[in-house]
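Below: one structure, written as structure tokens.
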């Protein structure tokens with residue numbers, strides 16, 4: 001049970017980190033490199049042994065863990081925009097998983113991007129552009145569309161647009177991890193306290 005909660009918490013932290021970064025890029029065009037690298041890393045480690053490894057270790061998920069705790073805390077005010085991103089990513093991942101053709105396009109695309117990342121780097125603009133293209137060919141073909149709120153000048157910048165799409169793809173990946181760890185709507189509702197407690201523990205032990 002503890003391992004299940006641990007894996008689900010890591011998956012949710014990855015999802016919240018991706019969503020938080022999407023908002024940061026869309027509003028300010030700024031982000032923490034390490035946070036982005038952790039999210040993108042998850043797209044190149046499809047067959048990792050555990051969720052920790054997928055993101056390169058707990059220390060790279062502090063932004064996601066903190067965001068998760070704020071959203072799930074009974075004392076906090078829920079961030080509607082962030083919640084919208086997370087809920088929509090959950091829904092789109094479920095639709096993707098039921099579409100074999102799109103899943104094959106996704107798999108082929110990630111294989112190509114993995115080879116490209118080995119030649120350049122995981123955060124190279126060419127790699128991010130490739131991941132953005134995968135998103136457009138797969139997730140972006142589904143409904144509902146994820147409507148990103150931000151500054152028009154920032155959103156119209158091609159590099160920012162590519163990074164946002166790549167981060168949304170990382171959000172889909174985190175949603176897959178959540179489902180693989182036995183995550184569901186009911187568990188999200190009834191295990192909220194246990195997930196917050198695990199997130200708090202992970203933040204303390206990874207400082």
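Any read-out appearing in this document is the output of simple, stated calculations on the displayed coordinates, not a laboratory observation. Just so you know, these numbers come straight off a predicted model, no measurement behind them. Every residue, glycine among them, receives a Cβ derived from its backbone with ideal geometry; neighbour counts consider all protein chains shown.
Rounded to the nearest angstrom and listed largest first, the equivalent-ellipsoid semi-axes of the range 2-205 from its Cα gyration tensor are 24, 19, 17. Counting neighbouring Cβ atoms within 10 Å and putting the fewest first, the residues 175, 107 line up as 107, 175.
Take each peptide in 136-143, 152-159, 85-92, count the other Cβ atoms within 10 Å of every residue, and average; sorted highest first, the result is 85-92, 136-143, 152-159. Using a cutoff of 8 angstrom between alpha carbon atoms and counting only pairs six or more residues apart, the relative contact order for the range 105-207 works out to 25 percent.
Taking one equal scatterer on every alpha-carbon of the range 60-130, how large is log10 of I(q)/I(0) by Debye at q = 0.21 1/Å? The Debye formula, applied to the Cα set alone, gives -0.98.
In degrees from 0 to 90, rounded to the nearest 10, what is the angle of the helix 125-137 Cα long axis to the longest principal axis of the chain? Once rounded, one gets 80 degrees.
Using a simple spin-label model with pseudo-atoms 7 Å out from Cα toward Cβ, residue 118 and residue 81 lie 3.9 nm apart.
Relative to the longest principal axis of the Cα atoms of the chain, the long axis of helix 158-180 makes an angle of roughly 40 degrees.
If I take R0 = 41 Å and measure r between the Cβ atoms of residue 184 and residue 151 in this structure, what FRET efficiency does the formula 1/(1 + (r/R0)^6) give, to the nearest 0.05? For residue 184 and residue 151, the calculated efficiency is 0.70. When 60, 6 are arranged by Cβ crowding within 10 Å, least crowded first, meaning fewest neighbours, the order is 6, 60.
With contacts taken as Cα pairs under 8 Å and at least 6 residues apart, the range 95-159 reaches a relative contact order of 34 percent. Cβ-Cβ distance of residue 104 and residue 33, R₀ of 45 Å, FRET efficiency by 1/(1 + (r/R0)^6): the value works out to about 0.90.
Working note: 222 nm ellipticity from helices only, DSSP H runs with n ≥ 4, each -39,500 (n - 2.57), summed and divided by the residues of the chain, gives -23000 deg cm²/dmol to the nearest 500.
Between residue 94 and residue 48, the distance separating the two model label sites (each 7 Å from Cα on the Cα→Cβ line) works out to 2.5 nm. Relative contact order for the chain: 38 percent, from Cα pairs under 8 Å spaced at least 6 residues apart, divided by residue count. Largest first, the three principal axis extents of the alpha carbons in the range 15-63 are 35, 18, 16 Å in whole numbers.
Can you give me the angle between helix 62-72 and the longest principal axis of the chain, using Cα atoms only, in degrees from 0 to 90, rounded to the nearest 10? The answer is roughly 60 degrees.
Cβ crowding within 10 Å, taken as a proxy for footprinting-reagent exposure, orders 93, 37 from fewest neighbours to most as 37, 93.
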